Amino acid sequence: MSTDTLRFPAAAIAADASTATVCAHCALPVPAGLVQEDAERQFCCTGCHTAFAILHEHGLGSYYGFAERREAPVQSSGRRYEEFDHPTFAQLYVQVMPSGLSRTELYLEGVHCASCVWLVERVPLLHTGVSRAELDVRRSLAVVEWDAAVTPLSAIARQLDVLGYAPHPFRGVARADMRRREDRAMLVRIGIAGAIAINMMLAALALYAGELNGMDATFTHFFRWVSFALMVPAFVWPGRVFFSGAWASVRTRSLHMDLPIAIALAAGLVRGAINTVTGTGPIYFDGLALLIFALLVGRFLQQRGQRLAADSAELLHAIAPSTARIVEQGVVRDIPAEALLPGMTLDVRAGETFAADGVIVRGHSTVNAALLTGESRPSSVEEGATVYAGTLNVEAPLQVRVEEAGETSRIAKLLREVEESARRRAPIVQTANRLAGIFTAVVLLLAALTFGIKASFNAPHALDDAIALLIVTCPCALALATPLAITVAVGRAAGNGMLIKGGDALEVLASPGTVVFDKTGTITEGRTALVRWVGAEWVQPLVLSLEAGSSHPLAEGFRRAWPGMMVPDVHEARHVVGGGLEGWVDGRHVRIGSPRFVAGGVVSTAPEVMVALHTYDEIGRTLTPVHVSVDGVLVAVAGMGDKVRDDALQSLRALRHRGWRTVLLSGDAEDVVRSVGAALDFDAADAIGGATPEQKLAFIEQTKQRGRVVMVGDGVNDAAAIAAASVGIGVQGGAEACLATADVYLTRNELGTLVELVDGSRRTMRVIRRNIALSIAYNVVGASMAMFGLLTPLAAAILMPASSITVVLGSWYGHTFPRVRRTATRASGPASGAASSISGPVEAIA
Amino acid sequence: MSVVFLVLPLALLVVTGAVLAFVWSARSGQYDDLETPAMRMLHDDGASKEP
């Protein structure tokens, strides 16, 4: 994550897209400076060159024949992955199989298409000792099996990294295995129930036709016995789940839909069996078989929706680095972060993330704690200062003595908080679930009444009517109504850039409450941009030329502000830690950096800058000031900051118009938050700054007592708040932790999606309510007919599927989210690995 | 019409075969990942034979 944001793509330098030369590996334009006149092939970066060379050397050149290819420069981290061979790593992530081979699952960054599958499954095999490499694109997981005695895992990891698929250990192997087994069992049950139901229908059709037109008693008997023979396996195999559910319901003394289902199944089977043997009365088997099938399908759909949550929770751990570089008696080596102990000395280079909490023992630098606290401006640190795991070392190498590692670090505690509040969150009682309890009670009562009253009056068929009532009212349509509508809506929403994890999110978003926004990365774009520039235009190329080689966020802000500008050469460029840059450009001495650093060499100030410094106080208060001097004259002042999203005001107004209360809650400095809040029409009391992650959590919990709270944010500092809120929404560019805990993730980088989400949720709830009303209407009709003994088996056979079909059609054609072709949903960019693995299951349902 | 006494059990036998085939395929994990195999089948096998 961290290395990703700072490693800046070489192609970005060449914003000049007119260059016709394209990279032989990734097909992106090659920067003018890198074009080699005499070379046969051109490459946009050394990563691509290396990847190309490897593929050709090993006869894998047919990779370039794929129509769809990874279109991004290869960004290998160049890490050694030594920690992959460490005993602690093996203990945590590697299984030894009976054959003696080792097996592990690796989470790969940046896999998304057919050519990725091809590469990832072939390249590891180039090492002797690797017996299997298999990729699951949807989840970005690769299974590797190898002989640890022949090849170390680090060699395989390096090879994948060189090709641009940086590997990370995957921690959820055991849980994923269990889920896979559950899934398969479920699928088997559905398959069997479906096959039996369909064949049962054929027999039933013959019976109904015979009833209308007259059929020889021999054939009637035969078909009834065939139905019975089919019913038994449906009952003992797929039908068994309802009995275990009903048993659980009895044991816990709670009314569950499984209870009337199980009673109906048992009563229907027994009565049907007796009627089959005696050759009189209805046999119910067709209805029962269809019931089992439809209920299983509904349950499967519901489970798949919830699956999404568990899947992405694994990504949570991806933020904290899995590896650390330690110094022991002057020797530097990589070990897994899990093996870190207090007292060890960490070596952290510029652009790397701290792997543990600790105290700086050597060096000074700036630290970006945005991930942890939301503070958008990096702060400078020196010897003796405390740094936290998960924050980013921006400028210079540091040596840190480890104080707290692993589970006791601040970030680990925060993540644990996240997991706990996700678990603690009271499950929103869904309308359908609430109804199910009432429904169950009413059905059982009615059946008992029907039997009791009729039996006491010695009416004929008392038992048959009671059973018919149980079967016909079986909550087929009711059980399908909610999951089906939600599944369809969630699928369509995914096509519109909204990945929704659970149906309860839709329920909460359907009616207004309080919506809390994080500032950095949510209301703003979350990256440093040039907001104010005071100074002459001729200074700009000088600034850019000096900043061109820097990976500092401020430098990237300049590069994005002035793309495609011709840049003169720099000589003797020097980077002063905590200060800025200086160097010679076109024979002039240029200094860029903090006011204090630049002031050191300034003898005079240009008039316009003088005016700006005295009259314009935004720079320095809410923005990070950057001064530029040329030959001792202060010629320009730049205000760098985080730009507010273009559609922020419009979207906020739309939400307020729909009755939502909007709150801005940020960890950033108070005055920054206040000025952004004022610009976006937030109430003064509702723009809160300087909030720590813990305070954010408290605010959400407090607000939640008065009504539903939606938290929109990104980053770890929001994760606890997002998990605690009634509904948490993560936005594009957010850290992966946020995706893990959020109920909804917006893939389109704009706030307007939020308004669409709210509208779509309201429409979805309307469809659900309509579905439920329809299925209840059917049930009332069916139940009354059964109670008065009017329900013939034929009427029941028509009524039951009719109600289900109405619900299916209503869900499918109901207007929820706009329908889109599913091809446009693939996310791209740095988060593509995570995004595509999350969008996958949703699309699959759609 | 009495041919139905022969044909129907036969039909059920065929169904049983299909169901068993489905159970086998589901249990051997063929429905675990529905996306990757679709991409994998486009690949030539040539290079993968090399150890």
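Annotation for A:D646 and A:R658: the two label points, set 7 Å from Cα along the Cα-Cβ direction, are 2.2 nm apart. The order of A:K704, A:K413, going from fewest to most other C-beta atoms within 10 Å of their C-beta, is A:K413, A:K704. Applying 1/(1 + (r/R0)^6) with R0 = 25 Å to the Cβ-Cβ distance of A:W538 and A:H571 gives a FRET efficiency near 0.85. Counting Cβ atoms of other protein chains within 10 Å of each Cβ in A:181-191 and taking the mean gives 4.
Sorted fewest first by neighbouring Cβ atoms within 10 angstrom, A:M498, A:M787, B:M41 come out as B:M41, A:M787, A:M498. Counting charges near A:G579 (Lys, Arg +1; Asp, Glu -1) among other residues having Cβ under 15 Å from its Cβ returns a value of -1. Between segment A:677-705 and segment A:132-171, what is the separation of their alpha carbon centroids in Å? Between the Cα centre of segment A:677-705 and that of segment A:132-171, the gap is 43 Å. Given R0 = 22 Å, the distance between the Cβ atoms of A:A698 and A:K413 translates into a calculated FRET efficiency of 0.90.
Going by how many other beta carbons lie within 10 Å of each one, how would you line up A:E404, A:E37, A:E507, fewest first?
Working: A:E404 19, A:E37 5, A:E507 22.
Sorted ascending by nearby Cβ count, the order is A:E37, A:E404, A:E507.
For the peptide A:131-137, the mean number of other protein chain Cβ atoms found within 10 angstrom of a residue's Cβ is 3.
Bear in mind that the values in this text are calculations on the coordinates, not laboratory data. Bear in mind that the values here come from a model prediction, so they are computed numbers and not experimental data. Virtual Cβ from ideal backbone geometry, glycine too; neighbours counted across all protein chains shown.
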